[in-house]
Amino acid sequence: MSEAAGTSLSKETLGGTVAQFSMALIGFVGTIVFARWLGPSAFGGVYLLFALVKFADRPMNGWSLAAKKRVAESDALRPPAFGAQLLFDAGWVVIAGTVVFLAGDVLRDYTGLALAPLLLVCLLATESVYETIDSLVQGRGRISAATWVDTLRSVFTLPLQIGFVALLSTATVVGAAGMVYGLALASALVLPLAVVLVAARPAIPSRAFVRSLADYARYSIPSTLLGTTYDRLDVLLLGFLLVDGTSAVGWYEVAWKFTLPAVFVADMAGRGLMTTVSARNERVGGAAHDISNTLAYAGILAFPILFGSLALSNALVVTVYGPAYRNAAVLLVGLAAYRVVRAQSGPLLQAVNGFDRPDVAMRLSALAVGINLLLGVFLTLRFGPVGVVAATIVAESAVYLGALRFLRGELVGVEPVSRPMAAQVGASLVMFVVVSVAHASVPVASWTDLLSLVSLGGVVYVGILFAVSPGVRRTFTEAVRGSFSSP
């Protein structure tokens, strides 16, 4: 028996979402500071490095998914899962580090960062290790606690990054490297807290247990690699296909950060969904209810962000980041549309993993990568950065349809469309009309004008949603009560 079986999805989702918003606010401030400070080219170079790190650490992440799955199944498996994860992390950092330094010249040329090999290994040994331990905390059902630790990491990250960039800013590329040093040190500082939250002493795993992890990881590792290839393929294609690739990456990352809150609820609920389905997969009816309820509210932020970006994309980008990032405005709308689809497909994939079917998730990820790569190359060469975003929307739609088809074949009662979802779309449409009319009367000339329009949109959306959707009111009330009640 696992404590994850008693996880309250609404409580953990609300707590995790609040933490995600806090983290995103800090990160958003950071992107504004560094995007203006470093310029699109150096700023984009750092994010090319971050994308490469996410490729290099996929075996660690995939193994952690296997360990998380076992932790969710039984509390007794927590010590050997913890021990197996630490051993795997240590071995992989050594292997990956050797390869990275052998490919040093290629990394330096691609990112524009003279210290790229050192920076990549530094992140593997800190940020990537932290993320694998954080995954074990989520396996206990402590989704909210794990996310608040990540928020604390963000609190440390921003001032550390500012300090390192200022200290090393004698050369642009060295100054940009300060962003990496700040993130690495912040990850190292919160790692002990994540270890405490695992609530187990690591133990040497038995051969049988390692084999059980390997059986799952042989699907979860390729799946996470494919998933990351898909998630970061846009950035890699822009850096590879376009002459001014690093600047295009800078524009893309600005739009990416703006739309990030769209998937906060979906991300938190999806993490909890994987855990609860794993712990309660014998409850067929209950699993279908959990999945349907998650889908009903997963887009509660994605829909208004899409319609809000349609109304204010240019004003948002230019006012916040400056005229150098004007080309990000059209990418903002495209990525907001992608987030709407991802808010639905993400939880569905987590549910697939919860049913112990990483093979299905892997095939869906492979399909997404194939579509995104073929369409992405063609459309990027034809239309520029907006082409790669269009390809991503098509690929994500295929993942959504594939995951939904699998789950509806396994369960009776999975409902992808619901009245709460319709209410969210309707409230977003009304918000769009109100904000568009107000924007026509009040041109954005300052931060004050922009904040007024954004606030107006938020008030209209939330007000209408609470007025017309009893389900939203009820779910919000249950989540708040759960957050203030005893665990």
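List of remarks:
- Matching option when the condition is over 30 Å from residue 67 (Cα atoms), assigned to a helix (DSSP H, G or I), open to solvent by less than 10 Å² (accessible area, probe 1.4 Å) and not assigned by the TED database to the domain that holds residue 138, among 345, 309: 309
- Tally, over region 21-41, of residues that are crowded, with 23+ Cβ neighbours inside 10 Å and touching a Ser or Thr at 6+ places or on another chain (Cβ under 9 Å): 1
- For region 141-157, taking the residues that are modelled with pLDDT of 90 or more and surrounded by 21 or more Cβ atoms within 10 Å (Cβ to Cβ), the one that is nearest to residue 61 (Cα to Cα) is identified as 153.
- So residue 55, is it closer than 22 Å to residue 317 by Cβ and of a type outside the set (Ser, Thr, Tyr): no
- Condition check for residue 390: open to solvent by 20 Å² or more (accessible area, probe 1.4 Å), out of contact with any helix residue (DSSP H, G or I) (no Cβ under 7 Å at 6 or more places or on another chain), under 23 Å from residue 262 (Cα atoms) and small (Gly, Ala, Ser): no
- Residue 101 of a type in the set (Phe, Trp, Tyr) and either crowded, with 23+ Cβ neighbours inside 10 Å or within 19 Å of the chain's Cα centre (by Cα) (or both): no
- Residues that are free of Cβ contacts under 8 Å to residues at least 40 places away in the same chain and under 26 Å from residue 474 (Cβ atoms) were ranked within region 418-433; the one that is surrounded by the most Cβ atoms within 10 Å (Cβ to Cβ) is 430.
- Restricting region 217-244 to residues that are farther than 18 Å from residue 375 by Cα and open to solvent by less than 10 Å² (accessible area, probe 1.4 Å), the residue that is modelled with the lowest pLDDT is 220.
- Residue within region 164-178 that is among the polar types (S, T, N, Q), open to solvent by 20 Å² or more (accessible area, probe 1.4 Å), part of a helix (DSSP H, G or I) and in the same structural domain as residue 77 (by the TED database) present: yes
- Subset of region 269-306 [at pLDDT below 75 and surrounded by fewer than 22 Cβ atoms within 10 Å (Cβ to Cβ)]: 280, 281, 282, 283, 284, 285, 286
- Residues of region 200-213 that are of a type in the set (A, V, I, L, M), touching a residue at least 24 places away in the same chain (Cβ under 8 Å) and either open to solvent by less than 30 Å² (accessible area, probe 1.4 Å) or out of contact with any helix residue (DSSP H, G or I) (no Cβ under 7 Å at 6 or more places or on another chain) (or both): 200, 213.
- Residue in region 118-140 that is in the same structural domain as residue 66 (by the TED database), in contact with a Gly (Cβ under 6 Å, 6 or more places away or on another chain), in a helix (DSSP H, G or I) and open to solvent by less than 20 Å² (accessible area, probe 1.4 Å) present: no
- Among the criteria (1) outside any loop (DSSP other than H, G, I, E, B); (2) of a type in the set (A, V, I, L, M, F, W, C); (3) in contact (Cβ under 8 Å) with a residue 40 or more places away in the chain; (4) more than 18 Å from residue 54 (Cβ to Cβ), the one residue 114 does not fulfil is (1).
- Filter pass, residue 377 being assigned to a loop (DSSP other than H, G, I, E, B), among the β-branched types (Val, Ile, Thr) and open to solvent by 20 Å² or more (accessible area, probe 1.4 Å): no
- Members of region 113-148 that are aliphatic (A, V, I, L, M) and under 14 Å from residue 274 (Cβ atoms): 136, 137, 143, 146
- Close pairs from region 442-464: first surrounded by fewer than 18 Cβ atoms within 10 Å (Cβ to Cβ), partner of a type in the set (S, T, N, Q), Cβ under 7 Å, at least 6 apart: 447/319
- Residue in region 382-391 that is without any contact (Cβ under 8 Å) to a residue 24 or more places away in the chain, part of a helix (DSSP H, G or I) and either out of contact with any Ser or Thr (no Cβ under 9 Å at 6 or more places or on another chain) or of a type in the set (D, E, K, R) (or both) present: yes
- Any hit, region 404-412, residues being more than 15 Å from residue 342 (Cα to Cα), of a type in the set (Gly, Ala, Ser) and either part of a loop (DSSP other than H, G, I, E, B) or open to solvent by 20 Å² or more (accessible area, probe 1.4 Å) (or both): yes
The values are calculated or read from the model by the stated rules, or taken from the named source; none is laboratory data. Since the model is a prediction, treat every value here as computed from it, not as a measurement. Glycine also receives a Cβ, built like all others from the backbone with ideal geometry; neighbour counts cover every protein chain displayed. Accessible surface areas use protein heavy atoms only, side chains included; no ligands, DNA or RNA. Shrake-Rupley method; radii C 1.70, N 1.55, O 1.52, S 1.80 Å.
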